[in-house]
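Beneath this line is the structure, given in C-alpha cells, with notes to follow.
Just so you know, all these numbers are worked out from the coordinates, no wet-lab data involved. Treat the numbers as computed from the prediction; the structure is a model and nothing was measured. As a convention, Cβ positions derive from the backbone with ideal geometry for all residues, glycine included, and neighbour counts pool all protein chains shown.
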Amino acid sequence: GTPTYRLHDLFHDLACNLLTAAPQPKRTGDLPGLGLDLADAHAAFLEKYRQKTQNNLWHTVPDDGYIHQHLVWHLEKAGQVAEIHSLLREESATGNNAWFEVREKLGQTGGYITDVSRAWKLAEANWNEATLPQVMGWQCRYALITASLNSLAANVPAELLIALVKNNMWTAEQGLAYALQNPDLNKKVKVLAQLVHHLPPNLEKLALSEALTAARSIQSESSRADALRALAQKLPEVLPEALTAARSIQSESSRASALRALAEKLPQMPSARLFPLWQDTIHQLSFRTRPNLLSDIKALFPVIFALGGEVATAEVARAIVDVGRWWK
C-alpha cells in the first residue's frame, strides 16, 4: 500500500505546550510559546478556515483531506457549540441538508452521522428552563435526521450496497455507514456479514462488533440463530451462542433447520470444546417429545460423526431403534 507516516504522541504534547506556554519562558532552555489557551487556539485555527468559506457557510469550505472530518471537533473544543448547530442547519443550493451532501460526496457518511450524534449530545448536556424549548427543537431535529437516514439505508438493497463498495463506487466507510443505519436487525446483520469481506481491517472489526450486537438483540430465536450463524465464518466464537439460540426455537421444523445449518460448521471446533456443547444440547433437547428429539438428532448427525465417527453414529442409531421398540 501507500507508505504513511504518523507523528508520535510526544509531538502532539509538544505542540499543545507551545500553544499554551508563555511567550517569555520562565526557565532557561524552554521554548517560547504563543500564550494561548486551547480554546483560543482552536478558534484561531478555525478562523483560518472560515476565511476560505463562501458567505461564512461551513459547507463551502474547500476539501483538504482534514477539515471536514474534524470540523465539529474543533468547533466543540473552541467552545463554539452554536456553530455546530448552525452547520447542521445549512442548506445547499438545491434545498437539501448541505453538510450531509458534502460529507456523502466525500464518502464520509459515517462521519456525518457522528457529527449529528455529537451535536445531539451537546444539545442535551447543559440545558435549563430557559433553553429547554431550543433544546427540544434540536432533539427532534437530530432524531428526525437520524430516522431519515435509517429510512434511506433501509431502501438500499444489500446486493446493491455490496456492489457499490466492491466496485469502488462507494467508499468502505460510506457502505458501512449505510449498513449500520438499517433499522431491520436481521437485514443489518446479513449485509454486515457480507460487507466485511470488502472492508479494511479497522472497519472490519467495527462491522463485526456492530453485527454481533445487532444479532444478539434479535428477539426471535430462529432469526437470532440464523443471524449468528451468518457471522460464524468470521467469528467462530459465536457458534456456541448460535447453538444455544437454535435449540431454544419452539417450532420443530425451524429448530431442525437451524440445527442442521449449524451442524455443518460445528465440526470445525476442537472436540474438547465441541463435546461440552453437544452434552448441553442433548440434555436441553431431551425435554421435548420423542418425535421432536428424533428430528433434532438427525439434524445434528454431522456433530455426532465429528465427535465419535462411525462407531458413535452406529450407537446412536441402535439407541433410536431400541427405544422405538420399547415405547411405540
Checklist outcome for this item: In whole Å, largest first, the alpha carbons of the chain cover along the principal axes 95, 53, 46
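Are there any GluC sites (Glu not before Pro) in segment 109-162 that are in a DSSP loop and have at most 14 other Cβ atoms within 10 Å? List them by number. Provide the component values of the computation, followed by the final result.
Values: sites: Glu124, Glu129, Glu159; in loops: Glu129.
Listed in order of number, the matching sites are Glu129.
Taking the beta-carbon count within 10 Å as an exposure proxy, list Trp170, Trp278, Trp326 from fewest neighbours to most.
Details: Trp170 22, Trp278 18, Trp326 7.
Ranking Trp170, Trp278, Trp326 by Cβ neighbours within 10 Å, fewest first, gives Trp326, Trp278, Trp170.
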Checklist outcome for this item: Among Ile297, Ile84, Ile162, the residue with the largest mean-square fluctuation in a Gaussian network model of the chain built from Cα contacts under 10 Å is Ile297
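If you scale each eigenvalue of the Cα gyration tensor by 5 and take the root, what three semi-axes come out for segment 37-155, rounded to whole angstrom and sorted largest first? Walk me through the intermediate numbers first.
On the way: eigenvalues 95, 84, 30 Å².
Here the semi-axes work out to 22, 21, 12 Å.
Residue separation times 0.36 nm, minus the C-alpha to C-alpha distance between Lys52 and Asn150: what's the value? List each step's numbers first, then the result.
Details: separation 98, 0.36 × 98 = 35.28 nm, distance 3.30 nm.
Between Lys52 and Asn150, full extension yields an extra 32.0 nm.
A 23 angstrom limit on the alpha carbon distance is what I want to check against. Which of Lys121/Lys190; Lys121/Lys205; Lys188/Lys234; Lys166/Lys190; Lys105/Lys166; Lys166/Lys187 exceed it? Write out the running numbers ahead of the final one.
Numbers: Lys121/Lys190 30 Å; Lys121/Lys205 25 Å; Lys188/Lys234 16 Å; Lys166/Lys190 16 Å; Lys105/Lys166 17 Å; Lys166/Lys187 19 Å.
Correct reply: Lys121/Lys190; Lys121/Lys205.
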Item to check | Calculated log₁₀ intensity ratio I(q)/I(0) where the Debye formula runs over C-alpha points of segment 193-296, q = 0.12, 0.19, 0.20 Å⁻¹ | outcome: -0.42, -0.93, -1.00
Checklist entry - Using just the C-alpha positions of segment 128-236 as equal point scatterers, what log10 of I(q)/I(0) does the Debye formula give at each q in 0.13, 0.17, 0.18, 0.22 1/Å? => result -0.53, -0.78, -0.85, -1.12
Next on the checklist: Relative contact order of the chain, please, whole-number percent, based on alpha carbon pairs below 8 angstrom and at least 6 residues apart.
Outcome noted: 7
Next on the checklist: Among Gln69, Gln233, Ile84, whose Cα projects farthest towards the positive end of the dipole of the chain, with charges put on the beta-carbon of Lys, Arg (+1) and Asp, Glu (-1)?
Outcome noted: Gln233
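Normalized C-alpha radius of gyration of segment 65-114, against 2.2 N^0.38 Å? Can you show the working numbers first?
Numbers: Rg = 10.8 Å, N = 50, 2.2 N^0.38 = 9.7 Å.
Relative to the rule-of-thumb radius for its length, segment 65-114 sits at 1.11.
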Checklist outcome for this item: Expressed in nanometres to one decimal, the distance between label points 7 Å along Cα→Cβ at Ala317 and Tyr66 is 7.2
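What FRET efficiency comes out for the pair Ser117/Asn168, r = Cβ-Cβ distance, R0 = 22 Å, nearest 0.05? Can you show the working numbers first?
Details: r = 27 Å, r/R0 = 1.24.
After rounding, the FRET efficiency stands at 0.20.
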Checklist outcome for this item: Residue separation between Arg216 and Glu90 times 0.36 nm, minus their alpha-carbon distance, gives in nm 41.6 nm
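About the Cα centre, and with charges only on the beta carbon of Lys, Arg (+1) and Asp, Glu (-1), how big is the dipole of segment 228-328? Nearest 20 debye, please. Intermediate results must be reported in sequence, preceding the final value.
Values: 13 positive and 9 negative charges, 52 e Å.
Once rounded to the nearest 20, the dipole reads 260 debye.
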